[in-house]
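The values are calculated or read from the model by the stated rules, or taken from the named source; none is laboratory data. Note that this is a predicted model, so its numbers are computed, not measured. With ideal geometry, Cβ positions are generated from the backbone for all residues, glycine too; neighbour counts draw on all protein chains shown. In case anyone asks, the SASA skips ligands and DNA or RNA and just uses the protein heavy atoms, side chains included. Shrake-Rupley method; radii C 1.70, N 1.55, O 1.52, S 1.80 Å.
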Amino acid sequence: ADRAGVHAAMAGKGGGKFPGRVNAQFSDMPCTECIGAGRVDGWFATPSFQAEQRGWGHVHSYCFEGDLFFHLQRSPWLRGVDYQKKDEVTFEVIEVNGRCEAVKLLLPKQVQDLEEKKTLGGELLDLALPGPKDFVGQRVIGIMRSHHMLVAKQNWGFVSAEVFSGQVFWHAAENPDMAGVEFDREDLVEFDVTLDEARNGQVRAKNMKYVAKHEKKPIPGLSASKKRKKEQWLKNWSSTPPPDWVCSYCGWKNFGRNKTCNFNNKNNQNCPGVRPAREEWPDTQHVKASEADRSDEFVQRALHNKRQAATTFGKEEDIPAGWHAEGASKDAHAAVDAARPSWPSQPPRRAADGHIPVAV
């Protein structure tokens, strides 16, 4: 009677809304003995449609007694797969936060596909081509499937060929000609297909030699639409900031950085004016500093600031941003202004063709 009461208490532990359900972690034959034991065979206790709705379910096995919890987040191979109650499944048992769970659930068909992929070095079998064993004793041209940096770290890799399906294992010790060669994936090599009897008849590639580098496909050029966009961008490109502009709707003078009219008041909350197109900006013409007009106050002051910065800091790269706003530069400007006659205040000169010269 006491044993039956203990069993009933264990059955209700972790059962939630189902007190009659036996938790596999606290049963007479617990699943904790399966932790670290590899893959365990069992069957589903929850159908796929119910597990997809809730995101979790339970499995049973002869290796333990009771229901073992699983979550689809730790079994991504079950997403979109149809299975019913009592369908066969294999899984591993781990402990998460003190709770046993079944993880990495796989159906028998999925296990078979993974085994074939592992045997063939990551590629599924192509039934239309013969296997590598049919070319034992022959020298074939193949395709490298491993990068030279990975091979240098693990001393082995895989190689394939167009004449057979799958991939063949090769070791750096058995292929001395590949030492020091910086090969890449998809590069061409030649090798001998051999059979290693000491390793249960494993097919291996030996006496490998580097043939040629894989010719990558050329990068396609720009399409016609992208070429037109690039030409338009180059046409509208300007080395100078946009000039200030006057709105054609309200007459408000805006800064050049404003793309839309910044005039807002009670009578006109949203002015539809926009900055003129690049084609309507006044053209600028770059001139050498030695050819700049000495009567141009703005040009001469900019040249003086540059000379003063070079004298103070030595290199143009070392000049901090906003150095001219500091007190040291103000004193230098005052001394220069005192020794030089005052410049007349006038707007930048404009050439006969309408271009504004800019010192470079």
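A few remarks follow.
- Scope region 271-294; condition modelled with pLDDT under 75, in a loop (DSSP other than H, G, I, E, B) and either under 18 Å from PHE255 (Cβ atoms) or open to solvent by less than 100 Å² (accessible area, probe 1.4 Å) (or both); matching residues: PRO282, ASP283, ALA292, ASP293
- Pair list, Cβ < 6 Å and 6+ apart or interchain, from region 30-41 residues that are within 14 Å of CYS100 (Cα to Cα) to residues that are in a helix (DSSP H, G or I): VAL40/CYS34
- Summed over region 152-166, the residues that are open to solvent by less than 80 Å² (accessible area, probe 1.4 Å), farther than 13 Å from VAL203 by Cβ and either part of a strand (DSSP E or B) or in contact with a helix residue (DSSP H, G or I) (Cβ under 7 Å, 6 or more places away or on another chain) (or both) give a count of 3.
- All conditions in (1) part of a strand (DSSP E or B); (2) at pLDDT below 90 hold for LYS206, with the sole exception of (2).
- Within region 41-90, tally of residues that are in a strand (DSSP E or B) and not charged (D, E, K, R): 14
- Matching residues in region 167-183 - criterion: being open to solvent by less than 70 Å² (accessible area, probe 1.4 Å) and either more than 17 Å from ASN207 (Cβ to Cβ) or not in a helix (DSSP H, G or I) (or both): GLN167, VAL168, PHE169, TRP170, HIS171, ASN175, VAL181, PHE183
- Of all residues in region 35-87, those that are open to solvent by less than 20 Å² (accessible area, probe 1.4 Å), out of contact with any Ser or Thr (no Cβ under 6 Å at 6 or more places or on another chain) and not hydroxyl-bearing (Ser, Thr, Tyr) total 10.
- Residues of region 220-264 classified as aliphatic (A, V, I, L, M), in a helix (DSSP H, G or I) and either modelled with pLDDT under 85 or touching a Lys or Arg at 6+ places or on another chain (Cβ under 9 Å) (or both), total: 1
- Neighbours by Cβ (under 8 Å, 6+ apart or cross-chain): first from region 97-111, buried (at least 19 other Cβ atoms within 10 Å of the Cβ); second of a type in the set (Asp, Glu): GLU101/GLU95; ALA102/GLU92
- Flag not set for VAL136, criterion: open to solvent by less than 80 Å² (accessible area, probe 1.4 Å), within 13 Å of MET208 (Cα to Cα) and over 25 Å from the mean Cα position of the chain (by Cα).
- For the residues VAL193, VAL189, the requirement of being surrounded by 10 or more Cβ atoms within 10 Å (Cβ to Cβ), under 31 Å from the mean Cα position of the chain (by Cα) and part of a strand (DSSP E or B) singles out VAL189.
- For region 91-110, the set of residues classified as of a type in the set (Asp, Glu) and either in contact with a strand residue (DSSP E or B) (Cβ under 6 Å, 6 or more places away or on another chain) or part of a helix (DSSP H, G or I) (or both) consists of GLU92, GLU101, listed by residue number.
Rundown of residues vs (1) touching a His at 6+ places or on another chain (Cβ under 6 Å); (2) of a type in the set (Ser, Thr, Tyr); (3) free of Cβ contacts under 8 Å to residues at least 40 places away in the same chain, yes/no style:
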| residue | (1), (2), (3) |
| --- | --- |
| GLU182 | yes, no, yes |
| ASP192 | no, no, no |
| LEU195 | no, no, no |
| ALA198 | no, no, yes |
